[in-house]
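K.L.:
After the C-alpha cells below, expect a handful of questions from me.
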Amino acid sequence: MTLNAWIPVFALMTSLIASLVIFALPEKGYRLRTWVNLGAALVKLSLVVVMVWGVFQGVEYGLSFTMVPGVTFVLKADALSMMFAGLSAVLWLLTTIYAVGYLEDSPNRSRFFGFFSLCVASTMGIALAGNLFTFFLFYEMLTLSTYPLVVHRGTEKALRAGRTYVIYTLTGGAVLLLAIAWLHGVAGDLPFREGGHFMDADPDIHRSLILIFILLVAGLGVKAAIFPLHGWLPQAMVAPAPVSALLHAVAVVKAGAFGIVRVVYDIYGVEASSALGVLEPLAWLAAFTILYGSFRALSQTDLKRRLAFSTVSQVSYIILGISLFGPVAAAGGLVHLLHQGIMKITLFFCAGNYAETLGIHRIDEMDGAGRRMPGTSVAFTIGAFGMIGAPPLAGFITKWTMGSGALAANMDWVIVVLLSSSLLNAAYFLPVMHRLWFREPAGSWPEERHWGRLETSAWLFWPPLLTAVMTVMVGVLASLPFSPLSWAELIALREYSP
Amino acid sequence: MTSSLLYALAGAILCGIGLFGLLWLSHLLRKLLAFNIMGSGVFLVMVGLPQHQGGPDPVPQALVLTGIVVAIAATALAVVLIRRYFHLSGMTGLEDEPASPERGPE
Amino acid sequence: MTLWLMAGLLFTPLAWAVLTLLTDFSRGRLVTWGGILVQVLVSLGLWLTVARDGGFHYGLGGWQAPLGIELRVDGLAVTFVLLTAVVASACGLHAGVYIDPDKPWHRYFWPLFWFLWSGLNVVWLGGDLFNLYVGLELISLSAVGLVALGGKANALRASLRYLLAALLGSLVYLLGVALMYGQFGTLSIAGVVSWLGVHPVPAGSGLALALMVTGLALKTALFPLHRWLPPAHGIARSPVSALLSALVVKASFYMAARLWLELGEPLGNLAAAQLVGLLGSAAVVWGSWLACRQPQLKQVVAYSSVAQIGYLFLLFPLTYSVSESVSLQAQQGITLQVISHALAKAAMFLAAGNLILSAGSNRVDALTGVSRFLPFSLFSFGLAGVSLMSLPPTGGFAAKWLLLQASLGSGQWWWILVMLIGGLLSAAYVFRIYRASFLESAGPDRFYHPARSLEVIPMILALLALGLGLASDQVLSVMALPFEEGGSP
C-alpha cells in the first residue's frame, strides 16, 4: 500500500494513540500529558493540511478492507470530509489548550483527556468514513467516548444529564443501525460518492427508500438536535465548558449534521432525494427547528442554556441549506458547518471564562463584566454578532449565501425564516451585550479568581480571542481560495455536476 | 403389542414417575432417587426400543453401561453436595431462601 | 503430526486432571501452568493445520463408529477448541492468583478445571450423539463441583440447583437419543442424515429431536428454563463464573445448533422454529430487564448471560426454510455471537471479580467513585460492556449486523425489533455500572489495587472481543463452511 492510503489512518491514529498514552500516564503527569495532547493535536493538524492540499489537487487518499462478510471498512478523504476534518483538527488544538487551563487542579484529568482524545479520534473517523457502515462505527464510538465527558463532574445532575444523553443517542443509534442495515439489504454496500447512487433507482424500491431516508434522518437527527429530538442538548450543559464547546461546535451535533449531508449528497444524491420528495419536508423541519430553537433561547436565564438552544437553531441552518436544492444554497449550508463551529466555540469559551474567573453562570449576573474582562467580552461580542449575521462576520456570509441560494431556487419563504431568525438572534444576544458593556457591576462577583497580569489564565484567555479573529477572517476573506466559503462552493459544484 | 413397544412404554412410564418426583418432591434425597428412577426409564427405552432388528443390539447395551457409570458418578456427587449442604444449613430442601440476603464479598 | 496433536488435545486435560488431583492447590497451580502451555500450543497447532488443509474425521484409537469414538475435526470445531484454549487458560491463570490457596477444599479446583476442559474438547469434536452426552455430563458435573467450591451454604444451594437442572436436561436429551437410535439405528448425526436421504421421514421422529433440543435448552438456560443459571453464575468464584458463562453454556448450545442445522430441515417444523426464536427473544428482554434490577454486580453479569444466550436461539428460525445465503449469514452471525460473548463475558466476570476484590463488596453501589482510582479493571469491564451492547467495532456488533441482515433477508422483521430493543436494554444495564463508577458522592477513600496479572488478563480478553469485530471476516473464513462436514469422511 502506498503512503497515500495510510495518511487517513495516521490522522485517525494520532488521537487514538494519544488517548491510550494519556490513559496510561499517571494522574500527576501533568506536564507530559499536556505535551502529548498538544503534540498529537499539532501532528494531526499538519496531516489534515497535507490532505486538504492533496484533495484540492485531486489526490486519492483511502484504504478499505472487508470487515464483516459483505461489508467493507472504508477510510477516504474527499472534499467534504476535509471540511469536517479541518474543523475538528483546528478546534481540537484550541480546545485542548483551553481545557488544560480550565481543568487546572481539578481531579480525574487523566480520565478526562483520555476520553477527550478518543472523542476527537471518533470525530476524525466520522469525517474520513467512506461508507455508511464505517460512519456508523465511529458515530457510536463518539457516543461512548462523550459519555464520560458529559458526566465528568460526577454530580447527580451530571449523571442525570448523562443518562438523558445516552438514552437519546443510543436510541438514535439503534434507529440509524436499522436504517443502514435495511439500506444494505436493499442496495448492498454503498460507498459515499458525489451525486449519490439512486439517480435512476428502480421505482419498486422508492417506497423503501423513502422510509429508509426517514429512519436515517431520525437516527442522525438526534445528534443534530433537530426538533423534536433536541431534548438532550440543553441538559448536557452541565458538562465542563470545553466539553460543551466540543459537543456543540465540533463533535456531536456536527456529526449528526454531517451525517445528514452525507446521506443526502453521497448516498441518495441531491437530485434523487429531490425526486423522491424527501428534501422539501426536511427543509420545513429544519426551518421550524431554526425558529423554535431561537424562541426557546429567548426565555433562558442561564447563559449556557441560552447558547444551547441557539445551537439547536444554528445547526439546522446546515440542514436547511442542503435541502434547498441549489448549489448556492448548498454552499451556504455547508459553509455553516465551519462557521457555526468557530462562532459557537468562541461563545462557549467565553461562557467558560466568565464561569471560571468570576463564577458567573446566569445572564443577570453579567452586568458590567465587560470592564472586568474586556478581552473575553470582545470575543463574546464578535461571536454573538456573527451569530446574528452582522456583516462582514462569518454568520453574515452564511445567511447571505443561503438567502441568495433560496431566491435562486425560488423558495422565497426561506428569506422570511432567515430574517426572523436573525431578529430573534439579535433579541437574545443584544440584551446580553447590553449587560456586558453598559450596565454597572452589581458589586462583587459570585466567585472571583485572579491571575497576574491578564484578566484570566493565559490558557483560557487566548483561545476565544483566536477563534474570534477567525470569525472575522473567514468573513472578510471569504472570497479567497481555501476559505471555507470557496471550499464549500467546490463541494457544492462537485455535487451538482458530478 | 410387540415386546419392544412394551419395554419402551414401561420406560416412558418410569420416566414420567421420575420426572414427577424430580419436580414435585422437595427433599433433596427424594429428588435424587427420582432422578435415578427417571434414568432407569431412559435406559429401558434405550435397550428396549431398538430390538426390532431381530435379536438384541449390542450398541445400546454398551451405551447403557456407560450411562449407568455416568449416573452413578452424578449420584455420588449429588450425595456429597447434599450432605455438605445439610451440614452447613441444616436444610434438606431448596425452597426457602436462607436467612441472610446480604452475601457480602465473595 | 495430526495424530500427536489430537492425542495431545484429548490426553493432556485428562492426564493433568489426575496429576493435579494428587497435589495441593499451590503445586497444582505450577503443574497447571505446564498443562495450559501444552494445551494452547496443541490447540493452535490443530487450528493452523485445519486452516491450511481443511477438516478431517478421526477415529479415536483406530476404532470406527459405531463402537469406536469418531471425532469430527472441522473449521468450526477447531475454532471453538482454540477459543476454549484462550478463555480457559485466561481463567486458569487468573484463578491461580485469585483463589485463596489456604482453604483446603480449593485443592479440587484444578482437577475439576481440567475435567471441564477435556469435556469441552469432546463436545466440540464429538460426532455421535452418545459421546456428546458423555462429554456434556463431564462438563456439567465438573461445573457443578466448581460452583460448590464457593464453600458456603449459598454456593452449595446454587450448585445443587444447577446439578438437578443439568441432570434433568441430560436425561431428557438422552431419552431423545434413545428414541433416535430406536428409529434410525445409528448414533452419528451424519448417519441419520444419510438414512433420511434414502428413506421417508418416519412419523414421530420430530419428538426425538424435540426432546434432545429441550434437554439441551435446559442446560443452556433458555428462557423459561433459566432459573438455575443466575444463582450458580453469580455465586461461584469469578474465574469459575467466567468459565461457566463463556464456555459451559455454549457447549450445550453448540450441540443443539448442530442437531438443528442437520436435522431441523427434515424433522423440525416452522412453528417449532418460531417458538424457539420467541423463547430466545423473551430471554433477551426478560434477562436484560432483570439485569437492570440486580443490586449485585455479579448478578447483573449473570442475568446478562441469560439475555445474551437468548440471541443464540435466533439461529433456529433464521435457518429454517430460508435461502442458502440467509442461512449462512445467520450461522456466521451466531458463531460470532458465541465467540464474542465468550470473550466479553469472561472478561467481564474476571474484571468484576477484581472490582469486588478492590472495592470489598459485591454491590453495584459499592462502585461509587472508584473511577477516580483509575482501576484498570473498570476499563476492561467497560470494554467488554461495549461488546455486550453490540456497539461497533466489537465482535458483538459484527454478529448483530449479520443477524440483522439474515432477518431482513428472510423477511422475519420481528427479530430485528428484538435485537434493537435487546441492544438498548443491554446498554441500560451496562451504563448502570458506568454510572455508579462515575458518581463522585461520598465514595470510598480506600481502594485496593489487585495484582497486575489479575488486571491484565481481563483486558486481553476484552481487547480480543473488540478486535474480533475488525477481523471477523478473517475469523469466519477459517470456518469456511460453518457447521458443515469439512474434508472427506
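The values are calculated or read from the model by the stated rules, or taken from the named source; none is laboratory data. Here the structure is a predicted model, which means the values were calculated and not measured. Virtual Cβ from ideal backbone geometry, glycine too; neighbours counted across all protein chains shown.
K.L.:
Can you find a residue in segment A:130-147 that is under 20 Å from C:Leu391 (Cβ atoms), over 19 Å from the mean Cα position of the chain (by Cα) and in a strand (DSSP E or B)?
P.N.:
yes
K.L.:
Checking A:Val151 against (1) within 12 Å of chain C (Cβ to nearest Cβ); (2) within 16 Å of the chain's Cα centre (by Cα); (3) more than 18 Å from A:Val175 (Cβ to Cβ), which test does it fail?
P.N.:
(2)
K.L.:
So, one more: Taking only pairs six or more apart or across chains, which ones have beta-carbon atoms under 6 Å, a first residue in segment A:73-97 that is more than 14 Å from chain C (Cβ to nearest Cβ), and a second residue that is in a strand (DSSP E or B) and modelled with pLDDT under 90?
P.N.:
A:Lys76/A:Gly62; A:Ala77/A:Tyr61
K.L.:
Take B:Pro101 and tell me if it is modelled with pLDDT under 90, closer than 30 Å to C:Lys103 by Cα and more than 9 Å from every other protein chain (Cβ to nearest Cβ).
P.N.:
Yes.
K.L.:
What number of residues within segment C:165-196 satisfy the criterion of being in contact (Cβ under 8 Å) with a residue 40 or more places away in the chain, more than 9 Å from chain B (Cβ to nearest Cβ) and assigned to a helix (DSSP H, G or I)?
P.N.:
10
K.L.:
Going by the structure shown, is C:Gly310 at pLDDT 90 or above and either out of contact with any Ser or Thr (no Cβ under 9 Å at 6 or more places or on another chain) or not in a helix (DSSP H, G or I) (or both)?
P.N.:
no
K.L.:
Oh, and also: Hey, among A:Leu276, A:Leu216, which residue is surrounded by fewer than 24 Cβ atoms within 10 Å (Cβ to Cβ) and out of contact with any Ser or Thr (no Cβ under 6 Å at 6 or more places or on another chain)?
P.N.:
Testing whether each residue is surrounded by fewer than 24 Cβ atoms within 10 Å (Cβ to Cβ) and out of contact with any Ser or Thr (no Cβ under 6 Å at 6 or more places or on another chain) leaves just A:Leu276.
K.L.:
State the number of residues belonging to segment C:163-187 that are of a type in the set (Phe, Trp, Tyr) and surrounded by fewer than 24 Cβ atoms within 10 Å (Cβ to Cβ).
P.N.:
Counting residues in segment C:163-187 that are of a type in the set (Phe, Trp, Tyr) and surrounded by fewer than 24 Cβ atoms within 10 Å (Cβ to Cβ) gives 1.
K.L.:
Separate question: Taking the options C:Ala406, C:Ala399, C:Ala346, name whichever one is modelled with pLDDT of 85 or more, over 20 Å from the mean Cα position of the chain (by Cα) and part of a helix (DSSP H, G or I).
P.N.:
The unique qualifying residue is C:Ala406.
K.L.:
Sticking with this structure for a sec: Within segment A:284-394, which helices (runs of 4 or more DSSP H) (wholly inside it) include 3 or more residues that are closer than 25 Å to A:Val416 by Cβ?
P.N.:
A:303-322, A:327-353, A:374-388
K.L.:
Working carefully through the options B:Val70, B:Val64, B:Val80, find the one that is within 11 Å of chain C (Cβ to nearest Cβ) and either within 19 Å of C:Phe184 (Cα to Cα) or in contact with a Ser or Thr (Cβ under 6 Å, 6 or more places away or on another chain) (or both). So that I can check it myself, show each step before the final result.
P.N.:
Values: B:Val70 fails: either within 19 Å of C:Phe184 (Cα to Cα) or in contact with a Ser or Thr (Cβ under 6 Å, 6 or more places away or on another chain) (or both); B:Val80 fails: either within 19 Å of C:Phe184 (Cα to Cα) or in contact with a Ser or Thr (Cβ under 6 Å, 6 or more places away or on another chain) (or both).
Checking each option against the conditions leaves just B:Val64.
K.L.:
So, in segment A:154-168, exactly how many residues are within 10 Å of another protein chain (Cβ to nearest Cβ) and assigned to a helix (DSSP H, G or I)? Even if it seems obvious, please write down each step before you answer.
P.N.:
Taking segment A:154-168 and keeping what is within 10 Å of another protein chain (Cβ to nearest Cβ), we get A:154-156, A:158-160, A:162-163, A:166-167.
Those still in the list that are assigned to a helix (DSSP H, G or I) too: A:156, A:158-160, A:162-163, A:166-167.
Selection size over segment A:154-168: 8.
K.L.:
Return yes or no: is C:Ala359 away from every other protein chain (no Cβ under 12 Å), touching a residue at least 60 places away in the same chain (Cβ under 8 Å) and either crowded, with 24+ Cβ neighbours inside 10 Å or charged (D, E, K, R) (or both)?
P.N.:
No.
K.L.:
Going residue by residue through segment C:424-444, is there one that turns out to be under 23 Å from A:Arg109 (Cα atoms), more than 12 Å from chain A (Cβ to nearest Cβ) and either at pLDDT 90 or above or out of contact with any Gly (no Cβ under 6 Å at 6 or more places or on another chain) (or both)?
P.N.:
Yes; the residues of segment C:424-444 include at least one that is under 23 Å from A:Arg109 (Cα atoms), more than 12 Å from chain A (Cβ to nearest Cβ) and either at pLDDT 90 or above or out of contact with any Gly (no Cβ under 6 Å at 6 or more places or on another chain) (or both).
K.L.:
Give the residue, chosen from A:Gly269, A:Gly259, A:Gly293, that is at positive phi and either surrounded by fewer than 24 Cβ atoms within 10 Å (Cβ to Cβ) or not hydrophobic (A, V, I, L, M, F, W, C) (or both).
P.N.:
From the options A:Gly269, A:Gly259, A:Gly293, the qualifying one is A:Gly269.
K.L.:
Which numbered condition trips up A:Ala85, out of (1) in a loop (DSSP other than H, G, I, E, B); (2) more than 28 Å from A:Tyr354 (Cβ to Cβ)?
P.N.:
Result: A:Ala85 passes all but (1).
K.L.:
Are any of the residues in segment C:397-404 in contact (Cβ under 8 Å) with a residue 12 or more places away in the chain, surrounded by 24 or more Cβ atoms within 10 Å (Cβ to Cβ), aliphatic (A, V, I, L, M) and under 30 Å from A:Glu27 (Cβ atoms)?
P.N.:
no
K.L.:
Return the residues of segment A:57-72 that are in contact (Cβ under 8 Å) with a residue 24 or more places away in the chain and either out of contact with any helix residue (DSSP H, G or I) (no Cβ under 9 Å at 6 or more places or on another chain) or away from chain C (no Cβ under 14 Å) (or both); say none if nothing qualifies.
P.N.:
The answer is A:Val59, A:Glu60, A:Tyr61, A:Gly62.
K.L.:
Okay, next question. Looking at this structure, is C:Arg258 surrounded by fewer than 24 Cβ atoms within 10 Å (Cβ to Cβ), within 23 Å of C:Leu315 (Cα to Cα) and within 12 Å of another protein chain (Cβ to nearest Cβ)?
P.N.:
No, not satisfied.
K.L.:
Can you tell me which residue in segment B:46-61 is modelled with the lowest pLDDT, limited to those that are at the interface with chain C (Cβ under 7 Å from one of its Cβ atoms) and surrounded by 13 or more Cβ atoms within 10 Å (Cβ to Cβ)?
P.N.:
B:Pro50
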